[in-house]
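Notes to accompany the following structure.
The values are calculated or read from the model by the stated rules, or taken from the named source; none is laboratory data. This one's a predicted model, so the numbers in the text were calculated from it and none came from an experiment. Glycine gets a Cβ as well: all are built from the backbone with ideal geometry, and neighbour counts include every protein chain shown. Just the protein is used for accessible areas: all its heavy atoms, side chains included, with ligands, DNA and RNA removed. Shrake-Rupley method; radii C 1.70, N 1.55, O 1.52, S 1.80 Å.
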Amino acid sequence: MERVLSGMRPTGKLHIGHLYGALANYVKLQDKYDSFFFIADLHSLTTKYENTEDIKQNRVEVMLDWLASGIDPEKTTLFIQSRVPEHAYLHLLLSMIVPIPWVERNTTVKDMIRDLKLKENASYGLLGYPILMTSDIILYKADFVPVGKDQVHHLEISREIVRRFNRFYGELFPEPQPLLTEFPSIPGLDGKKMSKSLNNDIKIADSEEDTRKKVMRAITDPQKIRKNDPGHPEVCTVFKLHKIFSRDEIPDIEKNCRSGALGCVACKKHLAENINKALRPIREKRKSLEGKKKEIEEIFEEGSKKARKVASQTLKEAMEHMRID
Ligand code: TRP
């Protein structure tokens with residue numbers, strides 16, 4: 001069976017962009033592949049090394065969101081990166097063979113430095129982001145890595161590192177391929193990409209009331225000022241969200257918006273209802289899991305032990321290939 005691996009940084013409660021992008025994909029993949037999904041807490045340190053107080057809590061939030069969304073620990077190995085110290089060891093070994101320009105050219109890291117305004121606070125560890133990611137992947141000899149478009153450059157570097165390792169020390173690692181999700185990207189309430197840092201997201205864990213309030217704030221067609229003005233669905237964020245959550249009703253919504261029969265307030269109320277309906281089973285499951293934190297930590301503890309078995313075997317092979325073991 002081919003192997004799939006992916007990770008997510010513990011940034012806090014996940015939003016519906018994660019749910020319909022990454023998580024829905026994980027849930028599908030776990031039936032077809034031998035899958036490993038992990039919480040990349042060491043990667044969080046690449047940018048959040050100063051304020052680490054909420055990393056552990058965020059880890060729990062991600063665990064809850066994953067399990068509530070249908071990721072099944074019976075089918076998948078779920079683990080925490082920092083519980084498998086082999087990731088750090090292989091990262092060190094790989095860092096010895098990676099030429100500086102490969103990491104300095106990395107556009108994703110450059111974007112992070114710009115977006116987070118890190119400037120001279122950008123750390124040595126951040127420069128090594130794709131090297132740590134490479135060790136995450138190749139410790140499990142993963143064939144496929146489901147990721148978003150923004151991660152593709154990291155994976156190109158991963159493949160280059162793998163080729164270099166295999167050339168110097170003999171074939172050991174497969175070249176990991178990205179698996180781009182076909183899911184639509186979910187716009188945030190302001191029309192930009194949905195993101196926690198832009199404060200334009202709807203969380204999986206939000207209450208129905210919060211969801212309604214957030215949807216009421218969403219940006220619509222700026223030319224539709226009064227309720228009965230004709231609208232332009234093609235420029236409206238609420239309409240884009242309807243396309244995902246109200247699929248069967250799209251022709252009616254579009255027609256009634258254009259004619260002016262449907263006002264934005266009613267349109268948003270309807271969207272909020274449909275989002276809440278879609279999320280209800282997941283939210284209920286999440287609520288019930290919130291009372292079982294011990295069991296959940298246990299799942300990830302067990303998974304980390306399982307992951308560590310695989311990782312330590314691979315690390316041994318890597319050290320043998322490099323002739324230091
Ligand atoms: N960089 C990924 C992200 O921010 C998270 C990640 C860390 C990851 N290690 C990985 C993803 C290994 C896939 C494989 O989304």
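In this structure, the amide hydrogen of Ile80, modeled 1.01 Å from its nitrogen in the peptide plane, lies closer than 5 angstrom to those of Ile39, Ser304, counting only residues at least 5 positions away or on a different chain.
Classify segment 208-286 as rounded, prolate or oblate, taking a ≥ b ≥ c as the square roots of the eigenvalues of its Cα gyration tensor: rounded when a/c is under 1.5, otherwise prolate if a/b is larger than b/c and oblate if not. Walk me through the numbers before you get to the answer.
Numbers: a/c = 2.59, a/b = 1.82, b/c = 1.42.
Prolate is the answer for segment 208-286, as a/c is 1.5 or above and a/b outweighs b/c.
Within straight-line reach of Lys309, meaning a Cα separation under 20 Å, sit the following lysines at least 8 residues removed in sequence or on another chain: Lys75, Lys141.
Which peptide among 220-227, 89-96, 9-16 comes first, and what is the full order, when sorted by highest mean count of other Cβ atoms within 10 Å?
Details: 220-227: 14.1, 89-96: 16.8, 9-16: 21.1.
Put in order of decreasing packing, that is 9-16, 89-96, 220-227.
Each residue of segment 234-244 was assigned a 3J(HN,Hα) from its phi angle through the Karplus expression (A = 6.51, B = -1.76, C = 1.60, θ = phi - 60°), giving 5, 9, 9, 5, 4, 5, 4, 6, 4, 4, 8 Hz with x at Gly and Pro.
Give the accessible surface of segment 113-201 per residue, rounded to a whole number of Å², with probe radius 1.4 Å and ligands, DNA and RNA excluded. Don't skip to the end; give the middle numbers.
Details: 4580 Å² over 89 residues.
Here the residues of segment 113-201 average 51 Å² of exposed surface.
The distance between label points at Trp102 and Glu2 comes to 2.4 nm (points 7 Å beyond Cα on the Cα→Cβ vector).
For segment 193-210, the Karplus equation 6.51 cos²θ - 1.76 cosθ + 1.60, evaluated at θ = phi - 60°, returns couplings of 4, 5, 7, 4, 6, 8, 6, 10, 10, 10, 7, 4, 7, 4, 6, 5, 5, 4 Hz by residue, with Gly and Pro reported as x.
If R0 equals 22 Å, the separation of the Cβ atoms of Lys227 and Asp252 corresponds to a calculated FRET efficiency of about 0.80. Comparing Thr107, Thr76, Thr211 in a Gaussian network model of the chain, where Cα atoms under 10 Å apart are tied by springs, the biggest mean-square fluctuation is seen for Thr107.
Based on DSSP H segments of at least four residues, each scored -39500 (n - 2.57), the chain has a per-residue ellipticity at 222 nm of -16000 deg cm²/dmol. For segment 129-161, the residues whose amide N sits under 12 Å from a probe point set 7 Å from the Cα of Lys32 along the beta carbon direction are 144-146. In this label model, Glu171 and Met216 are separated by 6.3 nm, measuring between points 7 Å along each Cα→Cβ vector. Surface composition of segment 70-166: carbon and sulfur atoms hold 55% of the protein heavy-atom accessible area at a 1.4 Å probe. Among Leu172, Leu279, Leu116, the residue with the largest mean-square fluctuation in a Gaussian network model of the chain, with springs joining Cα atoms closer than 10 Å, is Leu116.
Once backbone amide H atoms are built at 1.01 Å from N, Gly7 has Phe38 as its partners under 5 Å, excluding neighbours fewer than 5 places away on the same chain.
Summarising the label geometry, the points placed 7 Å from Cα in the beta-carbon direction at Glu208 and Glu302 lie 3.4 nm from one another.
For the modelled label position 7 Å from the Cα of Ser312 along Cα-to-Cβ, which residues of segment 67-100 have backbone nitrogen atoms closer than 13 Å? Within reach of a label on Ser312: 84-87.
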